[in-house]
1. Just need a number here: residues in the range 109-161 that are charged (D, E, K, R) and in contact with a Leu (Cβ under 8 Å, 6 or more places away or on another chain).
2. Write out, first by first residue and then by second, each pair whose Cβ atoms fall under 9 Å of each other, whose residues are 6+ apart or on separate chains, and whose first residue, in the range 229-253, is without any contact (Cβ under 8 Å) to a residue 40 or more places away in the chain and under 21 Å from ALA109 (Cα atoms) while the second is assigned to a helix (DSSP H, G or I) and of a type in the set (Gly, Ala, Ser).
3. Could you count how many residues in the range 73-95 are surrounded by 24 or more Cβ atoms within 10 Å (Cβ to Cβ) and under 16 Å from VAL160 (Cα atoms)?
4. Have a look at THR106, THR76 and point out the one that is farther than 24 Å from GLY183 by Cβ and among the β-branched types (Val, Ile, Thr).
5. Looking at the range 38-52, which of its residues are surrounded by 13 or more Cβ atoms within 10 Å (Cβ to Cβ) and at pLDDT 95 or above?
6. When you scan the range 142-174, how many residues do you find that are under 13 Å from SER232 (Cα atoms), β-branched (Val, Ile, Thr) and in a helix (DSSP H, G or I)?
7. Counting only residues that are among the aliphatic types (A, V, I, L, M) and assigned to a strand (DSSP E or B), which one in the range 175-212 is modelled with the lowest pLDDT?
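The values are calculated or read from the model by the stated rules, or taken from the named source; none is laboratory data. The structure displayed is predicted, hence computed values, not measured ones. Virtual Cβ from ideal backbone geometry, glycine too; neighbours counted across all protein chains shown.
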Amino acid sequence: MRILLTNDDGINAPGLAVLEDIAKELSDDIWISAPEEEQSGKGRAISLTQPVRVRKVGAKAWAVSGTPSDAVLLATKELMLEPPDLVLSGVNRGQNIAEDTSFSGTVAAAMFGMQMGIPSIALSQAQNFRDRGSLPWATAKAWGARTLRPLLDIGWPPSVVLNVNFPDVEPGDVRGIRITRQGARDETILHTDRREDLRGNDYYWIGYRGKLSRPDEGTDLRAIYEGYVSVSPLHVDLTHEVFLQTLRETWQD
């Protein structure tokens, strides 16, 4: 099985090294195409107004100057001798759950792989759910292949991307694996921090606050809060089917 690895944290991110360790448990044919620099929060962006440059960093590895989607596109169209059988994106530094999935570069790279007709999985390691600074990368490493093997055996529809999140606990404290749906937080965790530069001009940092909410049972949020690995099937179709039917029934020409 030929596996393409990518991410949104950049070619030198520790999560990419963890992903490579996971992939090596599944195959010995590993390729890497990842952004040269961090591209977190870039969503499904592709570079249409400037050229994208590629730097070879290994026999089957490249750093790409563009977005995660650019990295997958160039790998499948230009860099690899043959298309991959599987795209793995991650392991992201921080969870991609609930509304995070809509602007996550990690999920976007997997979405682009799916768009290219390649089975794709996004993987993220949760953080900030306990009182410690470092991420438990060992959790993703220990539970990665253990989570992926059954999914690969089962398979999934061509329009689906699998979104895997590892909880912010040590490997031995993981309570198991849950199949979940995308949740929704009951409060925003994004915040802005206004600062002043040396010329007296304002500038802003945008970031997260690690607040817990009260998620519904069966959601990715609930699984991560309770110490489970979360596996959610996602797709690109954003149509709200229930309201679509309401509109069709009530619309007057």
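1. Of the residues in the range 109-161, the ones charged (D, E, K, R) are 130-132, 141, 146, 149, 153.
Okay, now just the ones that are also in contact with a Leu (Cβ under 8 Å, 6 or more places away or on another chain), so 149.
Count: 1.
2. Pairs that qualify, where the first residue is without any contact (Cβ under 8 Å) to a residue 40 or more places away in the chain and under 21 Å from ALA109 (Cα atoms) and the partner is assigned to a helix (DSSP H, G or I) and of a type in the set (Gly, Ala, Ser), are LEU238/SER102.
3. The first filter runs over the range 73-95 and keeps only residues surrounded by 24 or more Cβ atoms within 10 Å (Cβ to Cβ), leaving 75, 84, 87-92, 95.
Restricting the remaining residues to those that are under 16 Å from VAL160 (Cα atoms) gives 87-89.
Selection size over the range 73-95: 3.
4. Details: THR106 fails: farther than 24 Å from GLY183 by Cβ.
Among THR106, THR76, only THR76 is farther than 24 Å from GLY183 by Cβ and among the β-branched types (Val, Ile, Thr).
5. VAL52
6. Result for the range 142-174: 1.
7. Looking only at the range 175-212, we keep the residues that are among the aliphatic types (A, V, I, L, M), and these are 177, 179, 184, 189-190, 198, 206, 212.
Keeping just the survivors that are assigned to a strand (DSSP E or B) gives 177, 179, 190, 206.
Details: ILE177: 98, ILE179: 98, LEU190: 62, ILE206: 72.
This residue is LEU190.
So that you can scan it fast, the table gives a plain yes or no per residue for (1) of a type in the set (A, V, I, L, M, F, W, C); (2) in contact with a Pro (Cβ under 7 Å, 6 or more places away or on another chain); (3) within 16 Å of GLY113 (Cβ to Cβ):
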{"residue": "LEU26", "(1), (2), (3)": "yes, no, yes"}
{"residue": "TRP31", "(1), (2), (3)": "yes, yes, yes"}
{"residue": "PRO35", "(1), (2), (3)": "no, yes, yes"}
{"residue": "GLY41", "(1), (2), (3)": "no, no, no"}
{"residue": "ARG44", "(1), (2), (3)": "no, no, yes"}
{"residue": "THR49", "(1), (2), (3)": "no, no, no"}
{"residue": "VAL52", "(1), (2), (3)": "yes, no, no"}
{"residue": "GLY58", "(1), (2), (3)": "no, no, no"}
{"residue": "SER65", "(1), (2), (3)": "no, no, no"}
